[in-house]
Amino acid sequence: MVGTRAGLFGNETGRLEAWVYPLKIFREFHLTFHVGDRALPAESLARTLTVRPESASILFVGDSFRVRETLCVPVQEPGAVILLDVETAQPLEIEAAFTPDFQLEWPAGLGGTYSTWNAKERAFFVGEEARKYAAFVGSPTAEAPHAAYQTNYSASDEDSMRLGITPKGKETKVVVIAASVSGPAEATKTYEHLLTSYSDLEREASDYYRAYLDKTVGLELPDAALQQAYDWARISTVQGVVNNPYLGTGLVAGYRTSGVSQRPGFAWFFGRDSEWTSFALNAEGDFATSRAALDFISKFQRDDGKVPHEISQSASLVPWFKDFPYPWASADATPLFIIAVNDYAVQSGDTAFVRDKWDNLWRAYQFLRSTYDSNGLAQNMGIGHGWVEGGPLLPVKNEYYQAGLGVEALHTLSNLARLAGKDDVSKQLAAEFEKSRTVLDRAFWSPESKHYAFALNQNNQRIDELSVLTTVPMWFGLAEPNNADQTISKLAAEDHQTDWGMRIISNHSKVYEGSGYHYGAVWPLFTGWASVGEYRYHRAFPAYENLRANGLLGFDGALGHFMEVLSGDYYESFATSSPHQIWSSAMVISPILRGLFGMQVEAEKHQVTLVPHIPADWTSFAIRNIRVGDAGLDIHYKKSAETLTLEAKRSGTGECWVEFSPALSLRAEVVSVELNGRPLAFKVQPNQNDQHVLVRFPVSGSSNTLTIRVRNDFGLTVTNELPPLGSASRDLRVISESWNAARNQLTMGVSGRAGSRYELGVWNAGQVSSVDGGALTKSGRLEIQMPQGEAESYTSQSVIIHFAH
């Protein structure tokens, strides 16, 4: 559980460590239940875990009692509360024990620290000799303290206290943790405040998260699991906000127990993590958090314009930016900063922020230019890593990922210059972007391999390893459509796409290893990149599989949160993975809003663009509370066999337009489009995978109803699930789709586990006359039986669907 100033990290058995940033207070907190002459360790009695945005509860059950331990970290307080609701049929006493571990977060240190019992507060006081840093751990019912000690003859590193006997019936005990970087007096004040106000603070935390969901973009989806995942992802993402007393407020990267070290997962500030996360925050309308995160990163920008990679929570207490290699390790944070500021400005309309940050943006551009190679592309060699930090994929001169970000930075800086009133600069950058975009595609497209290359070597030769990192330029629309389509077809195959997300490289690669952090693992970050890129290039099958895989991760591991990295071979997170990784949470939000719905707000134009690729069996959805400048917009969509209906309602006083361009099958015919019963002009825009009917209309305060009438629309639905933990992949992959010129035949390339049978949902199944390589069931579903082969291996099959006319 985390707030903006403190966190409790642990596991489902109740073993915990406590932090009040940037201080670690203790580790190995655990309970013992004393019943008669028995001492029962709580971890052996843990039965259920219930997670809410504001708290987590572990239920411990013994023969004659049950205890519900609820962990709550108030949103704004430098401390935490542990509530113990006791229900017992015979006398029960709870003992709380922990190992004091009073230190600053890595890499700073406090030197010698101590703990001692404070009888007045009924708490252990944890401090250091200068009395600048202080903490309390106690309870109003605490007694019989046993303090850690060390002598020549024996030692104990554990503090413990008993919380008083509950004779029979029900009772609530409380343990409070509080700390300060300003001395014992402030720590005492916080401790006493938490003791007297913990009920109010827990309620405030609940209200805070409920209000957060209400004020950001809300969804109503027919996929209940995806709906829940989206709501949790919003909570999980904003829980990355940390208010550090020395550095200010920004986004950290993630949380995990530190054990005997002083590194709590990735709970320090990262440039590129904040920037990738900001895209999700902007999409859901949380502009305040996005602005705070970008503002925080900009404060530590180097004089030459380079944007920091990581900033420890104790950075101000050590010569972090001078003597440590970590602040400037990456190259990608710099172009991403420019891109992220533009995304924030476009969607929020906050041009004042652009003017305020223009010097930061221009210096970032100057640094980016200093990294160009002879082709004018941003390089990594001697500058900093792109995505890949180490392992057998290195060394390289330019990653396609990094070079693509550099080109997109030109595009977005051109718009930022325009917003800042620098039209000449804007035109210059726009011209530079167009030239660089062509160079980028020519440099990284491999006509021999038919996919984009991972990188260039020192001789500007392509390293033709195929990687999911190639989907990052696709996210921004930089790839040539046919080249992107061919690349996606390869990435959609089972050697790249697992049931739980995207491997960084194929498991057929010579350098692949399933446990390789940068050469085999599955990252939800990669999976989100792929999903958004695939949707942008109209490849809805692999995009939805990746989107749903990311969402379902929230129901395993740290419930309601999304892990950092998983094995490339089996559905299992790494032992060292952060179970609550912020950009993994963000990569549920962005693929849904930016990918599935193709949603983009342009505050300057007072416009919302929606380019949805909806699963064929979704007959409705709603998007609530889209912020468009001073206006709010609610969208409700319904679908029948022959009609698409979009209801749009505006609130507020601002002007609002909607550009709506839903995907239809290439077989469909658009009969008519009406707005509030009157004809509305439209365009039909086909591509090689689907077609989109494009309309644009103003939204008045009253209800506005758009009706699109169609004939012969058709669609298939693949609903993927995660396999059991520890299992290999088993779901179907749709690798390719192609229609004949007459639009009466659809050929699909699929792969699946050898000998397995799969069923796909069919929209308008009555149009199908026959199927080769599959069968239409009586219930109107498409059944595919894969050929036999080696156990757990994948085999391929072509499925041809013939239509009646």
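The values are calculated or read from the model by the stated rules, or taken from the named source; none is laboratory data. From a predicted model like this one, the values you see are computed outputs, not experimental measurements. Please note: Cβ atoms are built from the backbone with ideal geometry, for glycine as well, and neighbour counts cover all protein chains shown. Just the protein is used for accessible areas: all its heavy atoms, side chains included, with ligands, DNA and RNA removed. Shrake-Rupley method; radii C 1.70, N 1.55, O 1.52, S 1.80 Å.
Every residue, every condition in (1) touching a Phe, Trp or Tyr at 6+ places or on another chain (Cβ under 7 Å); (2) part of a helix (DSSP H, G or I); (3) on the phi < 0 side of the Ramachandran plot, yes or no:
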site	(1), (2), (3)
D231	no, yes, yes
I235	yes, yes, yes
Y246	no, no, yes
S258	no, no, yes
E275	yes, yes, yes
N282	yes, yes, yes
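Within region 554-568, being open to solvent by less than 20 Å² (accessible area, probe 1.4 Å) and either farther than 30 Å from D485 by Cβ or of a type in the set (K, R) (or both) holds for G554, G560, M563, E564.
Just one of the listed residues (G520, G551, G533) is within 11 Å of G595 (Cα to Cα) and either at pLDDT 95 or above or crowded, with 24+ Cβ neighbours inside 10 Å (or both), namely G533.
For first residues located in region 453-464 and in a strand (DSSP E or B), partners that are of a type in the set (F, W, Y) and open to solvent by less than 80 Å² (accessible area, probe 1.4 Å) and lie 6+ apart or on another chain with Cβ distances below 7 Å form the pairs A455/Y400; R462/F444; I463/F454.
The set of residues from region 614-663 being of a type in the set (A, V, I, L, M, F, W, C), assigned to a strand (DSSP E or B) and in contact with a Phe, Trp or Tyr (Cβ under 9 Å, 6 or more places away or on another chain) comprises F621, A622, I623, V628, I635, L644, L646, A648, W657, V658, F660.
Yes or no, residue by residue, for (1) open to solvent by less than 30 Å² (accessible area, probe 1.4 Å); (2) of a type outside the set (S, T, N, Q):
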| site | (1), (2) |
| --- | --- |
| S727 | no, no |
| R730 | no, yes |
| N740 | no, no |
| L760 | yes, yes |
| G766 | no, yes |
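Using the structure shown, decide if A292 is small (G, A, S) and either closer than 30 Å to F574 by Cα or buried (at least 24 other Cβ atoms within 10 Å of the Cβ) (or both). Considered against the rule, which asks whether it is small (G, A, S) and either closer than 30 Å to F574 by Cα or buried (at least 24 other Cβ atoms within 10 Å of the Cβ) (or both), A292 comes out as no. When we screen Y571, Y512 for residues that are more than 28 Å from V611 (Cβ to Cβ), open to solvent by 10 Å² or more (accessible area, probe 1.4 Å) and not in a helix (DSSP H, G or I), the only hit is Y512. Residues in region 264-273 that are assigned to a loop (DSSP other than H, G, I, E, B) and buried (at least 24 other Cβ atoms within 10 Å of the Cβ): P264, A267, W268. Restricting attention to region 307-320, and to residues there that are closer than 16 Å to E105 by Cα and not aliphatic (A, V, I, L, M), which single residue is surrounded by the fewest Cβ atoms within 10 Å (Cβ to Cβ)? Step by step, filter region 307-320, then rank; the result is P319. Counting residues in region 540-554 that are more than 27 Å from L666 (Cβ to Cβ), touching a His at 6+ places or on another chain (Cβ under 8 Å) and in a helix (DSSP H, G or I) gives one or more.
Residue count for region 562-582 under the criterion of being in contact with a Pro (Cβ under 8 Å, 6 or more places away or on another chain) and closer than 16 Å to F279 by Cα: the result is 1. The one condition from (1) assigned to a loop (DSSP other than H, G, I, E, B); (2) open to solvent by less than 50 Å² (accessible area, probe 1.4 Å) that P222 does not meet is (2).
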